[in-house]
Amino acid sequence: MSEKASEEAIVNHLEETYGEKFEVETFKEGHSIFKNMYGDDKVIVHPEGKPEQVFLAGTKRDHEDKYYDTYMLSKWGEELTGKYKQEIQAIVPGDYDYRVLLYVEDGKYDSSMKSMSAMDYFSKKNQDAEVVLKVAVKTSEAPNPEEYYEPVYRLLQLLEPLGVEAYGVSLGFVDDSVDAADYIRTSNVNNVPWSNLDAKVFGTIMVDNLAKITEPGQIEAYYEPFEE
């Protein structure tokens, strides 16, 4: 199947499944021989007019007539991003971009849940999920990480009531001369670590519920400065 035909087949499947129009951002051709190792054709796509709701879709390995997508994870992630907007504004100082990312094992969600909220999904269907609050703090110089120990602690507390198995905060101090908004927007599909961001990153604070944080001072152990 040609690249264009493959892309059209994936998009047609999405439109039939969700009753929406979709815009392709990137097409990634799979390996014609080693599909089990390298995967098949896939697209990075978003619903028409909703660029923040970006997700992956493609053909399943060894099943060219079957498809997968992470539409629901992106939809729920966007819902949670909006849900916490005011709280995050009250917690995180300075200028920043953020997004809530949701990771769930394939097969534990499907298109029949389209009308279900993220909170209903967690409470009624599945708590075996990971929620990550990713924050790019914009700064023109090396930051004072101590100013963010309490905010990160409060962000962890903010996520705790979700009741999911895993939740955490991934905060990066990014040079404000570069716009990190698109990096944050596509974090759930590109999986690019802070160290590979095409911008200067001064350091990170990454911590999750497994650390069992009980007070802000403990966050210090999770600050990692990056070398010049």
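Accessible surface area normalised per residue over the chain is 53 Å², counting heavy atoms of protein chains with a 1.4 Å rolling probe. At full extension, GLU25 and SER140 could sit 38.3 nm farther apart than now, given 0.36 nm per residue minus the alpha carbon distance.
When N is the residue count of the chain, what does its C-alpha Rg come to as a fraction of 2.2 N^0.38 Å?
Values: Rg = 18.8 Å, N = 228, 2.2 N^0.38 = 17.3 Å.
Ratio of Rg to 2.2 N^0.38 Å for the chain: 1.09.
Run the accessible area of the chain with a 1.4 Å probe and give the carbon-and-sulfur part as a rounded percent. Using a 1.4 Å probe with all protein chains present, the chain comes out at 44 percent carbon and sulfur.
Among the GluC sites (Glu not before Pro) found in segment 69-113, those both in a DSSP coil and sparsely packed, with 10 or fewer other Cβ atoms within 10 Å of their Cβ, are GLU105. Measuring between alpha carbons in the structure, the pairs from LYS21/LYS60; LYS66/LYS138; LYS28/LYS114 lying more than 32 angstrom apart are LYS66/LYS138.
Looking at the chain, send over the antiparallel percent of its DSSP beta bridges, to the nearest 5.
Percent antiparallel among DSSP bridges in the chain is about 75.
When all protein chains stay in place and ligands, DNA and RNA are ignored, the 1.4 Å accessible-area order of ASP120, ASP179, ASP41, largest first, is ASP179, ASP120, ASP41. Calculate the FRET efficiency for GLN86 and ASP65 from the Cβ-Cβ distance with a Förster distance of 30 Å, rounded to the nearest 0.05. E between GLN86 and ASP65, to the nearest 0.05, is 0.10.
The values are calculated or read from the model by the stated rules, or taken from the named source; none is laboratory data. All figures in this text were calculated on a predicted structure; none of them were measured in a lab. As a convention, Cβ positions derive from the backbone with ideal geometry for all residues, glycine included, and neighbour counts pool all protein chains shown. Ligands, DNA and RNA are excluded from the accessible area calculation, which covers all protein heavy atoms including side chains. Shrake-Rupley method; radii C 1.70, N 1.55, O 1.52, S 1.80 Å.
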